[in-house]
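Colleague: I'd like to ask you about the structure that follows.
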Amino acid sequence: FEPYFTTKEGGKGTGLGLSVVHGIIEKHDGSINVYSKPGLGTKVSVYLPVTDAELSELPLETPRDLPMGTESILFVDDEVDIGLAYATPLRRLGYDVTVCESGVEALELHRANPARFDLIITDQIMPELSGSELAKKVAADGDRTPVMICSGYHTEKISELRDVPNVCDVLRKPISPKKMGEAIRAIMDGKVDAPASKSALTPQH
């Protein structure tokens, strides 16, 4: 479960998969165990607390309860499964989402048509080009497309992102669709300004 520990080759993944899962389960007062032996396979056990409440009594979050939009978003994460997992609910909210697996690919795509995207949402730690480096290169091109950075763990110094001209917000993974939707609308509706200010860089759960 150590963040960024991976058995994959360099550039093939960040090792955040189990770390993100671990964070989600702990957030719900649960636990996860992995039992693995070479040649015998792996067993993953997830334990979650039981509730006596009826399902109908639980508040269910529906798309109508979430802030919606029509903007075009470039979503960047070198773990393609994570990128798709976040892109799906955003598309349900009405956004046009393009998923990239690397900062380099995202930069090339953006440079090919700078006016195409209204917002860039990117993971911070990625091979070759990090989220903050991507934002700096976009800004260096003279483009002010706002950037939202997603961070899985407290390994990055958030203060270092304050000098990136177009970073408007930094969110901590895992991020609920509601939190992501609210953050997007805050940027798109002009409630959060670029360059990133001190208040915009407060980690959120």
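The values are calculated or read from the model by the stated rules, or taken from the named source; none is laboratory data. None of these values were measured; they are calculated from a predicted model. Cβ coordinates were reconstructed from backbone atoms using ideal geometry, including for glycine residues, and neighbour counts include every protein chain displayed.
Colleague: When you scan the range 3-36, how many residues do you find that are part of a loop (DSSP other than H, G, I, E, B), touching a Lys or Arg at 6+ places or on another chain (Cβ under 9 Å) and at pLDDT 65 or above? Quick ask: steps written out before the conclusion?
Modeller: First pass over the range 3-36, keeping only residues part of a loop (DSSP other than H, G, I, E, B): 3-16, 28-30.
Add one more test, that the residue is touching a Lys or Arg at 6+ places or on another chain (Cβ under 9 Å), and what stays is 6, 14-16.
Those left that are additionally at pLDDT 65 or above: 6.
The qualifying residues number 1.
Colleague: How many residues are touching a strand residue (DSSP E or B) at 6+ places or on another chain (Cβ under 7 Å), more than 13 Å from F1 (Cβ to Cβ) and surrounded by 11 or more Cβ atoms within 10 Å (Cβ to Cβ) when one looks only at the range 19-46?
Modeller: Of the residues in the range 19-46, 1 are touching a strand residue (DSSP E or B) at 6+ places or on another chain (Cβ under 7 Å), more than 13 Å from F1 (Cβ to Cβ) and surrounded by 11 or more Cβ atoms within 10 Å (Cβ to Cβ).
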